[in-house]
Amino acid sequence: MAIRKKIIAGNWKMNKTSTEAKTLVPEIQEKLGKFDQAEVVICPPFTALQTASEALGTHSDIALGAQNMHQAASGAYTGEISAAMLRDLFCRYVILGHSERRQYFGETDALVNEKAKVALKANLRPIVCVGETLAEREGGKMEEVVVSQTKGSCAGFSEEDWNNVVIAYEPVWAIGTGKTATPAQAQEVHALIRKTLGEIAGKAVADKVRIQYGGSVKADNAKELLNQPDIDGALVGGASLDAASFVAIIKNGSEK
Ligand code: PGA
């Protein structure tokens, strides 16, 4: 069985100006200190990436990620950002197919898959998000939705690609609502995603790909969630905007 290093990422969403990032990033670094028990990623908005990148410096224990990108290399796409632009600011990760992108900006599995392949070619590691809505869960469709989003968003990755892919399971009903999936509920879906990875890419891939949980992760639920056998990290929204709570999640979530 592959040893999967935990990965804890902060998704700032549309919060924090570049000026605010200038103080928040060093605060996180200072509170975290030297840390190698988990991989830590922060994903500020595009406008704060440069500041965050400079604040992190070149040998940081914290990696930088973006929250979205466009699939084209360059050109007439007003308001969009390319993979090369993100790499130029030393981004290593990019969140793709977050439920807010799917819900408010009409992103489909096919588009998420296209973006993920472009990201991988550009040496950016996609964090591919999947997750069901409350209506889908209550309508008995959770499995169908999660399996088809996983298959659709991750179609056609090469063996090598899979080394650089992270999946985030984020039940839409748990995002920003304070309603966390119970560790057992989350584990059940993570196991389902891992089984699906086995079907589409083989057991070796299923064993090594990291699957994060996201949705109202807080300092006091991080440890129990991240100790589930198939939960390999967290994608944290609201609680990543405060250095103390983000670092508490990282530390608690990395404890055995
Ligand atoms: P939340 O968001 O932690 O605020 O629930 C998680 C996410 O959407 O990534």
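We did not get these values from a lab; they are worked out from the coordinates using the rules stated. Nothing here was measured: the structure is a model prediction, and the numbers come from that model. Virtual Cβ from ideal backbone geometry, glycine too; neighbours counted across all protein chains shown.
Which shape class applies to the stretch 34-186: rounded if a/c is under 1.5, otherwise prolate when a/b exceeds b/c and oblate if not, where a ≥ b ≥ c are the square roots of the Cα gyration tensor eigenvalues? Prolate, because a/c is 1.5 or more and a/b exceeds b/c. For the stretch 1-78, trypsin sites (Lys or Arg not before Pro) are listed when DSSP marks them as loop and at most 11 other Cβ atoms sit within 10 Å of their Cβ; the list is LYS34. Among ALA204, ALA119, ALA186, which one moves the most in a GNM of the chain with springs linking Cα atoms closer than 10 Å? Largest GNM mean-square fluctuation: ALA204.
Mind running the shape call on the stretch 126-256? Use the C-alpha gyration tensor, a ≥ b ≥ c as the square roots of the eigenvalues: rounded below 1.5 for a/c, prolate if a/b tops b/c, oblate otherwise. Oblate, since a/c reaches 1.5 and b/c is not below a/b. Which of the three applies to the chain, rounded, prolate or oblate, going by the alpha-carbon gyration tensor with a ≥ b ≥ c and a/c under 1.5 meaning rounded? Rounded.
Spatially, the stretch 23-101 and the stretch 175-242 are offset by 21 Å when compared through their Cα centroids.
Taking loop as defined by DSSP and a crowding limit of 16 other beta carbons within 10 Å, which GluC sites (Glu not before Pro) in the stretch 35-113 fit? Don't jump to the answer; show the numbers that get you there.
Numbers: sites: GLU39, GLU54, GLU80, GLU100, GLU107; in loops: GLU80, GLU107.
Sparse-neighbourhood loop GluC sites (Glu not before Pro): GLU80.
Comparing GLY65, GLY79, GLY33 in a Gaussian network model of the chain, where Cα atoms under 10 Å apart are tied by springs, the biggest mean-square fluctuation is seen for GLY79. Considering only GLY140, GLY178, GLY215, the mean-square fluctuation computed in a Gaussian network model of the chain, springs between alpha carbons under 10 angstrom, is largest for GLY140. Taking amide H positions as modeled 1.01 Å from N, with prolines and chain starts lacking one, the residues under 5 Å from ILE7 and 5 or more places away or on another chain are GLU39, GLY233, ALA234.
For the cross-link pairs LYS121/LYS151; LYS34/LYS179; LYS34/LYS251; LYS13/LYS151, which exceed 23 Å when the distance is taken from alpha carbon to alpha carbon?
Values: LYS121/LYS151 20 Å; LYS34/LYS179 32 Å; LYS34/LYS251 12 Å; LYS13/LYS151 25 Å.
Pairs exceeding the cut-off: LYS34/LYS179; LYS13/LYS151.
Fewest Cβ neighbours within 10 Å first, please rank HIS59, HIS98, HIS190, HIS70 accordingly.
Numbers: HIS59 5, HIS98 27, HIS190 23, HIS70 16.
Fewest to most other Cβ atoms nearby, the residues stand as HIS59, HIS70, HIS190, HIS98.
For THR177, THR133, THR196, the sequence from fewest to most other C-beta atoms within 10 Å is THR177, THR133, THR196.
Counting neighbouring Cβ atoms within 10 Å and putting the fewest first, the residues THR78, THR58 line up as THR78, THR58.
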